[in-house]
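The structure appears below as structure tokens.
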Amino acid sequence: EILLSPDGRTIVFQTGMGGGYNPASTLAPPEPTLWRIDARAGAQPVRIGAGGGPFFSPDGRRLLYRQGKDLWTLDLDGAAAPKQLAAGGAGFAQPVWTADGQALVFVQDRGGYSFLGRYQLGADKIDWLVTGADRLISPQLSPDGKTVAYLRFPGRQHDVTYDQTESEPFAVETVDLASGATRTL
């Protein structure tokens, strides 16, 4: 995985895959590790630490990534060390920044169903925008930053194996971030 910051000044990349990828057959497989490098020629990579799934804030000044079950952050403007942003935040899948860069809208998979949540940076709780027994995916913020569109698929039973080649009904829906009102398009 390799990312270029929105301002084009920083490259972040991941080495190691975790899980079962172990080409050297070592007893302890390589853990995913994040690195950053200044995009100018001649710069050397700097190790951020263990982690994966990196993504930049809209202004490119902050990097968020997953480490174990937690969400971590690194301020790219300073020399500060990475710090834990949200315990359990690694479950924030498909994150999308709000327009002001102060919150994340994300999907949390609950196995067969999922919720759409919003995490305000520094908060001690999650605001659940859309809940229920269906699967929600692909949140996208509107250009004005006031609405999130997403796809809704029917929920699934945990003990059933589904045919992945069959089509499924789905709906395109929106949720207003201020009022919480949902609408099926």
(message) Order 88-94, 124-130 from most to least packed using the mean count of other Cβ atoms within 10 Å.
(response) 88-94, 124-130
(message) Using a Cα-Cα cut-off of under 17 Å, which aspartates and glutamates could be cross-linked to LYS83, ignoring same-chain neighbours fewer than 8 residues away?
(response) ASP70, ASP75, ASP124
(request) For the chain, report the accessible area per residue in Å² (1.4 Å probe, heavy atoms, rounded to an integer). (result) 58
(message) Per-residue counts of other Cβ atoms within 10 Å, averaged by peptide: what ranking do you get for 36-45, 145-154, 159-168, highest first?
(response) 145-154, 36-45, 159-168
(request) Give the Rg (one decimal place) followed by the Dmax (whole number) of the chain, computed from C-alpha coordinates and expressed in Å. (result) 18.4, 54
(message) Need the list of aspartates and glutamates near LYS146 for cross-linking: C-alpha distance under 15 angstrom, and skip anything on the same chain fewer than eight residues off.
(response) ASP100, GLU173, ASP176
(message) Using only the Cα atoms of segment 100-185, what are the Rg and Dmax in Å?
(response) 13.9, 42
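The values are calculated or read from the model by the stated rules, or taken from the named source; none is laboratory data. Predicted, not measured: the structure shown is a model, and the values here were computed from it. Backbone-built Cβ (ideal geometry, glycine too); neighbour counts: all protein chains shown. Each accessible area value is taken on the protein alone, full model and side chains, heavy atoms only, with ligands, DNA and RNA left out. Shrake-Rupley method; radii C 1.70, N 1.55, O 1.52, S 1.80 Å.
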